[in-house]
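K.L.:
Take a look at this one; I'll ask things after.
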Amino acid sequence: MAKLAPYRKKRDFSTTAEPRGTAKSTSGNSFVIQKHAARRLHYDLRLELDGVMRSWAVTRGPSLVTGEKRLAVRVEDHPLDYATFEGTIPKGQYGGGTVLVWDRGTWLPSADPRKGLAKGHLEFELHGEKLTGAWDLVRMHGKKDEKRENWLLIKREDSAARPANATDILEERPESVATDRTIEDIAAAPTAPKPASKACRAKAKPAASTLPAFIEPMLATLAAKPPAARGWIHEIKFDGYRLQARIAAGRVTLLTRSGLDWTRKFGTNVTDALKALAVDTAIIDGEIVVETRAGASDFSALQA
Ligand code: MN
C-alpha cells in the first residue's frame, strides 16, 4: 500500500481513467514503455519489480544508438495495472494528455535489481516488441537535497544496437503495440480502438498454399566482436554455401541466398534426402532445417 501512496496522492481517481491499482506480492518481470504526450512529450519506462512498476520518464525517449545517453527522471512507482493503460488523462490532472503503450515485454536484470536500484546502476536486457538487447540505467550524481533522481538510459553495444545514422526507432515505430494506434488516433478517440489492427492482420498466418517462390533469408551482420549480452550462442562458421531448400509438390529446389536456382550444382543425394523426409517446407541456413509433416514443432536437421 505504502509503495503506491505517492502515485495515488497525485491523482484524483474520480476524474482520471488511470487505474487506482494495488501493490502486488508477485515477482514478475514485465516492462512497458508508454509514450506520453503531456505538457511535454516523453516516454515512461516502467520495470516491474516486487509487485509495482518502477518508473522513469525518459524525456527524449530511448535510443538504439550505443552510448547515446537519454535522461531518465525517476518518478513514483506505478501499479502493475498501469502497464495496460492507454487513453487520455483529463487536462488539469497530473500528467494530463495522451498515453500510448509504445512497447512491452520482459526485462532481465543481470544482477540483483534491488541492489542495483540502491547503488544507482541497473544492467538489463529488454525483450520487447520494439526494444531488445542490453541496456544500462545509471543514476547521475546529484545534490543530496535534490527532489528528483536523474538517471541515464543507455543502449549497450550488441546486435540490437543501431549506428548513429540509422532510422530512429521512435520515428520508425510510433504506433501502439496494444492497438496499433498513433498518439493522434488516441487523442481523437480515446476509447475506441480499431477492431482489426494492422499489426493483427500482419500476424495472420498465410494459407499453406501460398508458399512463396523465394523467402529472402535473414543475413548475418559483420561485427568486430561477439555481443556481450546473455542469450547468445556461438558456432564456428565453416566456409561453404548457404542454401534454402524449397519443397513444393514433391519437387526440391535449392536456392542461393539471393534466390538463384542451384539445384543442379548438388548431387541428387541432397535432393533425394530432402524428398525422402516427405516434408512440406524446409529452410537451410548453414544447416538444413526441415519442417516435417509431423508438425510445425518437429524439426529435423541434416548437416549441409
Ligand atoms: Mn509520464
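K.L.:
R40 versus K119, label points 7 Å from Cα toward the beta carbon: distance in nm?
P.N.:
3.1 nm
K.L.:
Another question about this same structure. Rounded, prolate or oblate: which one fits the range 71-182, using the alpha carbon gyration tensor with axes a ≥ b ≥ c (rounded when a/c is under 1.5, else prolate when a/b beats b/c, else oblate)? Working shown, then result.
P.N.:
Working: a/c = 1.66, a/b = 1.09, b/c = 1.53.
In terms of gyration-tensor shape, oblate.
K.L.:
Using label points projected 7 Å from each Cα along Cα→Cβ, tell me how many nm separate F238 and E172, to one decimal.
P.N.:
It is 3.5 nm.
K.L.:
Using the beta-carbon distance between S159 and K69 and R0 = 22 Å, what value does 1/(1 + (r/R0)^6) give for FRET efficiency, to the nearest 0.05?
P.N.:
Working: r = 21 Å, r/R0 = 0.94.
Plugging the Cβ-Cβ distance into 1/(1 + (r/R0)^6) gives 0.60.
K.L.:
Give me T268, T88 sorted ascending by neighbouring Cβ count inside 10 Å, so fewest comes first. Walk me through the numbers before you get to the answer.
P.N.:
On the way: T268 11, T88 19.
In order of increasing Cβ crowding within 10 Å: T268, T88.
K.L.:
Here's a follow-up. Rounded, prolate or oblate: which one fits the range 33-89, using the alpha carbon gyration tensor with axes a ≥ b ≥ c (rounded when a/c is under 1.5, else prolate when a/b beats b/c, else oblate)? Display every interim value, and only then the final one.
P.N.:
Numbers: a/c = 2.08, a/b = 1.30, b/c = 1.59.
Note, shape of the range 33-89 comes out oblate.
K.L.:
Could you list log10 I(q)/I(0) for the range 116-194 at q = 0.12, 0.14, 0.18, 0.20 Å⁻¹, which the Debye formula gives when each Cα is one point scatterer?
P.N.:
-0.56, -0.72, -0.92, -0.96
K.L.:
What is the spin-label model distance, in nm, from I215 to D261 if the labels are put 7 Å beyond Cα along the C-beta direction?
P.N.:
Placing both labels 7 Å beyond Cα along the Cβ direction yields 2.0 nm.
K.L.:
Now for a separate question. With a ≥ b ≥ c the root eigenvalues of the C-alpha gyration tensor of the range 1-77, is it rounded (a/c under 1.5), prolate (a/b larger than b/c) or oblate? Kindly include the intermediate steps, with their values, before the conclusion.
P.N.:
Numbers: a/c = 2.46, a/b = 1.39, b/c = 1.76.
Oblate.
K.L.:
List, in order, the whole-Hz ³J(HN,Hα) value for each residue of the range 25-40 obtained from phi through the Karplus relation with A = 6.51, B = -1.76, C = 1.60 and θ = phi - 60°; use x for Gly and Pro.
P.N.:
10, 8, 10, x, 9, 6, 9, 8, 10, 10, 6, 10, 8, 9, 3, 10
Any read-out appearing in this document is the output of simple, stated calculations on the displayed coordinates, not a laboratory observation. Being a predicted model, the structure only gives us computed values, none of them experimental. Heads up, the Cβs are rebuilt from the backbone with ideal geometry, glycines too, and the neighbour counts pull from every protein chain shown.
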